[in-house]
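Below is one structure, written out as structure tokens; the observations come after it.
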Amino acid sequence: MKTVNHWIGGRAVDGTSGNWGPVTDPATGAVTTQVALASEAEVDAAVASAKAAYTTWGTSSLSTRTTVLFRYRALLDAHRDEIAALITAEHGKVHSDALGEVARGLEIVELACGITTQLKGELSTQVSSRVDVSSIRQSIGVVAGITPFNFPAMVPMWMFPLAIACGNTFVLKPSEKDPSAANLLAELATEAGLPDGVLNVLHGDKVAVEGLLSHPDVAAVSFVGSTPIARHIHATATAHGKRVQALGGAKNHMLVLPDADLDAAADAAVSAAYGSAGERCMAISAVVAVGSVADELVAKIRERAEKITIGPGNDPSSEMGPLITRAHRDKVASYVTGAAAQGAEVVLDGTGFTVEGHEDGHWIGLSLLDRVSTDSDAYKDEIFGPVLCVLRVDTYEEGVALMNASPFGNGTAIFTRDGGAARRFQLEVEAGMVGVNVPIPVPVGYHSFGGWKDSLFGDHHIYGNDGVHFYTRGKVVTTRWPDPADAPAGVDLGFPSNH
């Protein structure tokens, strides 16, 4: 059986806690790998490695850092198929989805390669006689990143490239459900010339997480995961004096107005709801149909959903893979089986789906629920699976009010041909990311990613300008120099005397 150990100080380090976690192939249900789960002593070792490396990396030149990052970007590009294969083997998503994940992570590496312009300071001269004021940004020290199972390569790359480009060192605690991609990312960073200890990978469970949140040498924590855990991460780490960006869960809505192109809206709903088996925080999980379009829209979504091919992620014909674990598959299925009792019409029920020859895999088919109530569990909870809810409203105002009443505010979308309606929507909807005829409005790397309300805890979004500001702290320097003409007697600097 394959073993995944920690990566500390630029090399693989065997786990010593005696605790191991199982990693399964979601397509078969078989345990293929064991991953080391860190002890408190191993947390200390990873942080100590990062702290030691910071003494030199934190004062390294920008050209030194960017040279390494450019080499790293080239290595990631050359190994993107290998990274994607690891994601498919442990997460289950189809290879094309996994390649897309790597590509989105590479965007942030490219942003980090250009960090020189992001770290430029400001200068004001002559604010008073012979007084100048400048502002600069400096690194903060050891940063920890705690990342989820659904994007085992992309989300880590949303964090550590920017952090290390800014001069910090990093301890990454990836999900123990699909840990291998994180190790490969670290190995390639070492191959690119990143000094030992600048990027460390610590595998583990709650022991590792709590150790990082309370460790006195960790200056900041980045997190992506569910809302209850994000709230805990934020409360615990800030109580220990750390800065925190904790991105939580979502219930992303798509408002479809009566004038919308329904074919485009149906295509978007299917790809956004069921892509990556719905295991993404930016998935559209609730379509809000306005007025008379609901019946036709639901029919078009069903028609498209029934054509999706589900199978192992390494099968080129598969368009959707299995869910990450059997327990998660069963939880997702429970929302579908309980929907009718809570007033919904089950248009598509994917709970009985299986794949011939892979019967023990974590399979579930696409489910479509119509006439869903805002009081139902399927609407209130983040399902994190291929289940799409359709809610019906009479007016635009009713639809926006429904969406704004949600405790989540991650991403949202509107489908319409009316520019005025779209403009009102983008100003009135309470969410951090808005799409206009775009179902998954994930910002490009040079804009920041983050939600509102219970989808984000902390003041900074991730990557983009917010990411740079999170991984640095500002300093303002006020300077007064005497005029060289006023040099003491006997010191000749070649300037005429003022006296």
Checklist entry - Calculated FRET efficiency, residue 346 and residue 62, Cβ-Cβ r, R0 56 Å, to nearest 0.05? => result 0.45
Next on the checklist: Placing unit charges on C-beta atoms (Lys and Arg positive, Asp and Glu negative, everything else neutral), compute the dipole magnitude of the stretch 304-405 about its Cα centre in debye, rounded to 20.
Outcome noted: 100
Checklist entry - Using 0.36 nm per residue, how much length does the chain from residue 239 to residue 446 gain when fully extended, once their Cα-Cα distance is taken away? => result 71.4 nm
Checklist entry - If each of residue 136 and residue 306 carries a label point 7 Å out from its Cα toward its Cβ, how far apart are those two points in nm? => result 6.7
Next on the checklist: Going through the cross-link list 120/206; 206/242; 51/173, which pairs have a Cα-Cα distance over 28 Å in this structure?
Outcome noted: 120/206
Checklist entry - Roughly how big is the chain's charge dipole about its Cα centre, with Cβ charges of +1 (Lys, Arg) and -1 (Asp, Glu), in debye to the nearest 20? => result 1300
Item to check | Heavy-atom accessible area ranking, 1.4 Å probe, most first, across 83, 140 | outcome: 140, 83
Item to check | Centroid-to-centroid separation of the stretch 316-372 and the stretch 56-81 [C-alpha atoms, Å] | outcome: 42
Item to check | Carbon plus sulfur fraction of accessible area for the stretch 258-335, probe 1.4 Å, in percent | outcome: 48
Next on the checklist: I need the trypsin sites (Lys or Arg not before Pro) found in the stretch 403-499, filtered to DSSP loop residues with at most 14 other beta carbons within 10 Å of theirs.
Outcome noted: 417
Checklist outcome for this item: Ordering 495, 449 by the accessible surface of their heavy atoms, 1.4 Å probe, largest first, yields 495, 449
Checklist entry - Of 229, 27, 308, whose Cα points farthest to the positive end of the dipole of the chain (charges on the beta-carbon: +1 Lys, Arg; -1 Asp, Glu; origin at the Cα centre)? => result 229
Next on the checklist: Order 57-70, 403-416 from most to least packed using the mean count of other Cβ atoms within 10 Å.
Outcome noted: 403-416, 57-70
Checklist outcome for this item: Stretched fully, the stretch from residue 473 through residue 327 gains (0.36 nm per residue minus C-alpha distance, one decimal, in nm) 48.4 nm
Checklist entry - Add -39500 (n - 2.57) for each DSSP H run of 4 or more in the chain, then divide by its residues: what number comes out at 222 nm, to the nearest 500 deg cm²/dmol? => result -11000 deg cm²/dmol
Item to check | Pairwise centroid distance, computed over Cα atoms, of the stretch 158-229 with the stretch 32-52, Å | outcome: 10
Checklist entry - Going through the stretch 92-129, which trypsin sites (Lys or Arg not before Pro) have at most 16 other Cβ atoms within 10 Å and a DSSP loop state? => result 120
Next on the checklist: Just to make sure I understand: if all protein chains stay in place, what is the order of 20, 452, 158 by accessible area at 1.4 Å, largest first?
Outcome noted: 452, 20, 158
Checklist entry - Where does each of 250-259, 289-298, 46-55 land if you order them by average Cβ count within 10 Å, highest first? => result 250-259, 46-55, 289-298
Next on the checklist: Less than 19 Å apart at the alpha-carbon level, and either on another chain or at least 8 residues along: which lysines does that give for residue 453?
Outcome noted: 251, 380
Checklist entry - Which listed residue (425, 367, 334) has the Cα farthest towards the positive end of the charge dipole for the stretch 306-452, taking +1 on Lys and Arg C-beta and -1 on Asp and Glu C-beta about the Cα centre? => result 425
Item to check | In the stretch 75-168, GluC sites (Glu not before Pro) in a DSSP loop with at most 14 other beta-carbon atoms within 10 Å | outcome: none
Next on the checklist: So if I average 1/r over every pair of distinct C-alpha atoms in the stretch 332-482 and take the inverse, what Kirkwood radius in Å does that give?
Outcome noted: 18.6
Checklist outcome for this item: Computed on Cα atoms only, the convex hull of the stretch 295-342 has an orientation-averaged projected area in nm² of 4.6
Checklist outcome for this item: Of the candidates 84, 41, 116, the farthest towards the positive dipole end of the stretch 38-116 (Lys/Arg Cβ +1, Asp/Glu Cβ -1, centred on the Cα centre) is 116
Next on the checklist: Please compute the contact order of the chain in relative form: average sequence separation of alpha-carbon pairs under 8 Å and at least six residues apart, divided by the residue count, as a percent.
Outcome noted: 18
Checklist entry - Any idea of the accessible area per residue across the chain, 1.4 Å probe, to the nearest Å²? => result 40
Item to check | Acute angle (nearest 10 degrees) that the helix 62-78 long axis makes with the longest principal axis of the chain, alpha-carbon atoms | outcome: 30
Item to check | Heavy atoms of residue 196: accessible area, 1.4 Å probe, square angstrom to 10 | outcome: 100
Checklist entry - For the chain, what is the percent of antiparallel DSSP beta bridges, rounded to the nearest 5? => result 40
Next on the checklist: Taking the Cα centroid of the stretch 90-151 and of the stretch 291-315, what is the distance between the two, rounded to the nearest whole Å?
Outcome noted: 38
Checklist entry - Accessible area of residue 123, 1.4 Å probe, to the nearest 10 Å²? => result 120
Item to check | Per residue Cα convex hull volume in Å³ - calculated over the stretch 329-373 | outcome: 57
Checklist entry - Taking the C-alpha atoms of the chain, how large are the radius of gyration and the largest Cα-Cα span, Dmax, in Å? => result 25.4, 97
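The values are calculated or read from the model by the stated rules, or taken from the named source; none is laboratory data. As the structure is a prediction and not an experimental result, all values here were calculated from the model. Every residue, glycine as well, gets a Cβ built from its backbone with ideal geometry; the counts of neighbours run over all protein chains shown. These accessible areas exclude ligands, DNA and RNA; they are computed on the full protein's heavy atoms, side chains included. Shrake-Rupley method; radii C 1.70, N 1.55, O 1.52, S 1.80 Å.
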